[in-house]
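To start, the structure itself, in structure tokens.
The values are calculated or read from the model by the stated rules, or taken from the named source; none is laboratory data. Since the structure is predicted, the reported quantities are computational estimates derived from the model, not experimental observations. Every residue, glycine as well, gets a Cβ built from its backbone with ideal geometry; the counts of neighbours run over all protein chains shown.
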Amino acid sequence: MTNKPVAVIDIGSITARLKIFDISSKGKPKLIEAVRKVTHIGSGSFRSGRMETNQVDALCRCLNMFSEKCKEYKVSKVFCVATSAFRDAENADIVVEKIRNRTGFQIEVIDNSMERYYQTIAVQSLYPDFKKMTEDGTMILDIGAGSMQATVFDKSEMVFSQNILLGALRVSELLSDLENRTTKYKDVLEEFVTQDLNDYHAVEPKGIIYKTLIAFSGEMGYIKKLAGFDPMSNVVMTREEFLKVYDYLLKARPTDLTLKDNVPSPVSPLLLPAALIVKNMLEYTGVGSIHMPHVSLCDGIIYDYCHRQMKYKLAVKPDSYLVSMARNTAKRYRCDKKHIEFVEKASLDIFDEMRKLSSLSERDRLYLQLAAIMHELGKFVAARDYGEASYDIIKRIKPIGLDPDELNMVALVVRLYSKENLYNNYYYGLLTPREKVTVSKLTAILRLADSINASHKEKIKKMTVFLQGDDLHISCIASDDMSFEEWAFDHRSELFEEVMGIRPVLRVRREK
């Protein structure tokens, strides 16, 4: 083991967690200390839109305690992240600066996409057979304090993921004033949850036969405990065991849970909303049991760190989720499958040949691949100016694993590839200088690849890409006349030559 542990601090809406890990010589993390403390920082965010001073003070005291623990272990690196409580707060920037001054921790407020990405990494790291498990329909239900994420896998691919503002704390805070105004509060609560989940079911892919439901949340440990399980263990709870707990929660008051079952008072009102969500999905999927793993955001962050920095091999390559999500999104929006497959391959062939001269990274290659797969999403809703529609769709689906800046770059490449002039675009002007260079180069490559199949008739039977001097030769064997594609190529190659300094040349030979 290394003598330089790494720490992860997760500032959740209800609790703050510190986990300290040793990293083996092979890059595998091992937990050596875990501490958690209820702070309830999110209650003000969801109720009034602001984090309250007394809660911030309590959080600072908690973080200073965590700091002492990190010093005790001589931690070499600390990741300190915050989620929905900070994302939803109007005064988040002020609070982040206040915490930095008082504790020394620089908080990174991660967006929902990255939060769910880390949670997915944590779950898959717990199950070595995760890829086999997801060969059949699998739903991962991540119930946060502020929102819920339902992610669907089938045939070992991520098919769909949707975020809903239906977190346990958010629901509890929104409906708190109703509790004293009606004797049927629990009926109202069920109606509220069911309505939002019906909206989710309306857009979820149909025809998936579910075999597995994986559910986790900050409150799930207490639900395990009420069912007679160790709250810190990985549990497979039968439908009957869960429904027994659910019925108990329907009858029990939050004060009863605190006094009789030792559930912390800030957590006790959240168990029923969380259980309602799980019950709805249990009925929807029709499975006979629920996997309840003991995982947290901290676990996903450390596994991602080990994967990227120390080459630790994960059960499933994370980027594959993004690619499969993009392909399934293109399918949902009825894109021309053969065309996007051609454009994807052609784009990557050009990228790979230009890699050394372009100064583009492997991550940039992924952006290009995603843009190529989704470059015609907007045609589903708009025949003209479909680039803008594609941009809007991509920005709204928010694929898991792209941070906001990365998502913006992918969406912009799709928006701009069909435009004559990208430099006068308003959104392009908002990019940093480095981002402008990257977006320009990826847009230029996508333009070339798309032009070679401009007719959508897949005339190319074989294509070879190679550099020769200052020219990039794209040599094709075609089954039909390529006059239209050659015209499109000539009209769309100017940007490539400008940003790459290489002249693209299309050479076509008819198939014999």
Quiz prompt | Hits in region 494-512 (condition: surrounded by 13 or more Cβ atoms within 10 Å (Cβ to Cβ), part of a helix (DSSP H, G or I) and without any contact (Cβ under 8 Å) to a residue 60 or more places away in the chain) | solution = Glu494, Phe496, Glu497
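Consider Tyr312 carefully, then state whether it is at pLDDT below 95, closer than 30 Å to Val8 by Cβ and aromatic (Phe, Trp, Tyr).
On the way: at pLDDT below 95: yes; closer than 30 Å to Val8 by Cβ: yes; aromatic (Phe, Trp, Tyr): yes.
Criteria met by Tyr312.
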Quiz item: Looking at region 267-290, which of its residues are under 24 Å from the mean Cα position of the chain (by Cα) and outside any helix (DSSP H, G or I)?
Solution: Ile290
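For the structure I just gave you, tell me whether Gln119 is more than 18 Å from Leu169 (Cα to Cα), surrounded by 14 or more Cβ atoms within 10 Å (Cβ to Cβ), touching a Gly at 6+ places or on another chain (Cβ under 8 Å) and not assigned by TED's automatic domain parsing to the domain that holds Gln162. Working first, answer last.
Working: more than 18 Å from Leu169 (Cα to Cα): yes; surrounded by 14 or more Cβ atoms within 10 Å (Cβ to Cβ): yes; touching a Gly at 6+ places or on another chain (Cβ under 8 Å): yes; not assigned by TED's automatic domain parsing to the domain that holds Gln162: yes.
For Gln119, the condition - more than 18 Å from Leu169 (Cα to Cα), surrounded by 14 or more Cβ atoms within 10 Å (Cβ to Cβ), touching a Gly at 6+ places or on another chain (Cβ under 8 Å) and not assigned by TED's automatic domain parsing to the domain that holds Gln162 - is met.
Quick check on Ile302: is it over 15 Å from the mean Cα position of the chain (by Cα) and buried (at least 21 other Cβ atoms within 10 Å of the Cβ)?
Values: over 15 Å from the mean Cα position of the chain (by Cα): yes; buried (at least 21 other Cβ atoms within 10 Å of the Cβ): yes.
So Ile302 fits the description; yes.
Restricting attention to helices (runs of 4 or more DSSP H) lying wholly within region 97-211, give those where 3 or more residues are within 14 Å of the chain's Cα centre (by Cα). Give the derivation first.
Working: elements: 112-126, 130-133, 168-174, 185-203.
In region 97-211, 112-126 are the helices (runs of 4 or more DSSP H) which contain 3 or more residues that are within 14 Å of the chain's Cα centre (by Cα).
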Quiz item: Ala168 fails exactly one of the following numbered conditions: (1) small (Gly, Ala, Ser); (2) modelled with pLDDT of 85 or more; (3) touching an Asp or Glu at 6+ places or on another chain (Cβ under 7 Å). What is the number of that condition?
Solution: (2)
Practice problem: Sort through Leu250, Leu243 and tell me the only one that's within 17 Å of Tyr185 (Cβ to Cβ) and of a type outside the set (Gly, Ala, Ser). | Solution: Leu250
Quiz item: Taking region 42-58 only, how many residues are touching a helix residue (DSSP H, G or I) at 6+ places or on another chain (Cβ under 7 Å) and modelled with pLDDT of 90 or more?
Solution: 5
Quiz item: So which of Lys345, Lys356 ends up being surrounded by fewer than 16 Cβ atoms within 10 Å (Cβ to Cβ) and under 17 Å from Ser324 (Cα atoms)?
Solution: Lys345
Self-check item: Residue selected from region 217-264 under the condition polar (S, T, N, Q) and more than 20 Å from Arg17 (Cβ to Cβ), by the criterion surrounded by the most Cβ atoms within 10 Å (Cβ to Cβ)
Solution: Thr258
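Being in a helix (DSSP H, G or I) and either touching a strand residue (DSSP E or B) at 6+ places or on another chain (Cβ under 9 Å) or touching a residue at least 24 places away in the same chain (Cβ under 8 Å) (or both) is the filter here; which residues of region 66-92 pass it? Give the steps one after another, and end with the answer.
Restricting attention to region 66-92, the residues satisfying the condition of being in a helix (DSSP H, G or I) are 66-72, 84-87, 92.
Of everything in region 66-92, those that are in a helix (DSSP H, G or I) and either touching a strand residue (DSSP E or B) at 6+ places or on another chain (Cβ under 9 Å) or touching a residue at least 24 places away in the same chain (Cβ under 8 Å) (or both) turn out to be Phe66, Ser67, Lys69, Cys70, Glu72, Ser84, Ala85, Phe86, Arg87, Ala92.
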Exercise. Return the residue satisfying two criteria in turn: it lies in region 406-437 and is at pLDDT below 95 and of a type in the set (D, E, K, R), and of such residues it is farthest from the chain's Cα centre (by Cα).
Key: Glu420
Self-check item: Count of residues meeting criterion [surrounded by fewer than 14 Cβ atoms within 10 Å (Cβ to Cβ) and at pLDDT 90 or above] in region 1-33
Solution: 3
Quiz item: Which one is farthest from Arg327 (Cα to Cα), of the residues in region 359-380 that are touching a residue at least 12 places away in the same chain (Cβ under 8 Å) and assigned to a loop (DSSP other than H, G, I, E, B)?
Solution: Leu360
Quiz item: In this structure, does Leu402 turn out to be assigned by TED's automatic domain parsing to the domain that holds Leu368, buried (at least 20 other Cβ atoms within 10 Å of the Cβ) and either in a helix (DSSP H, G or I) or touching a Pro at 6+ places or on another chain (Cβ under 8 Å) (or both)?
Solution: no
Exercise. Scan (1) over 25 Å from the mean Cα position of the chain (by Cα); (2) part of a loop (DSSP other than H, G, I, E, B); (3) among the hydroxyl-bearing types (Ser, Thr, Tyr) for the single condition Ser13 breaks and write down its number.
Key: (1)
Practice problem: Find the residue count for region 456-488, including only residues that are loosely packed, with under 15 Cβ neighbours inside 10 Å and of a type in the set (Gly, Ala, Ser). | Solution: 4
Exercise. Please state which of the following conditions Lys37 fails to meet, knowing it meets all the rest: (1) in a strand (DSSP E or B); (2) crowded, with 23+ Cβ neighbours inside 10 Å.
Key: (2)
Quiz prompt | Search result, residues across region 468-493 that are among the hydroxyl-bearing types (Ser, Thr, Tyr) and in a strand (DSSP E or B) | solution = Ser475
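Quick test for you: out of Arg415, Arg434, Arg396, pick the one residue that is surrounded by 20 or more Cβ atoms within 10 Å (Cβ to Cβ) and among the basic types (Lys, Arg). Can you show your working first?
On the way: Arg434 fails: surrounded by 20 or more Cβ atoms within 10 Å (Cβ to Cβ); Arg396 fails: surrounded by 20 or more Cβ atoms within 10 Å (Cβ to Cβ).
Just one listed residue meets the conditions, Arg415.
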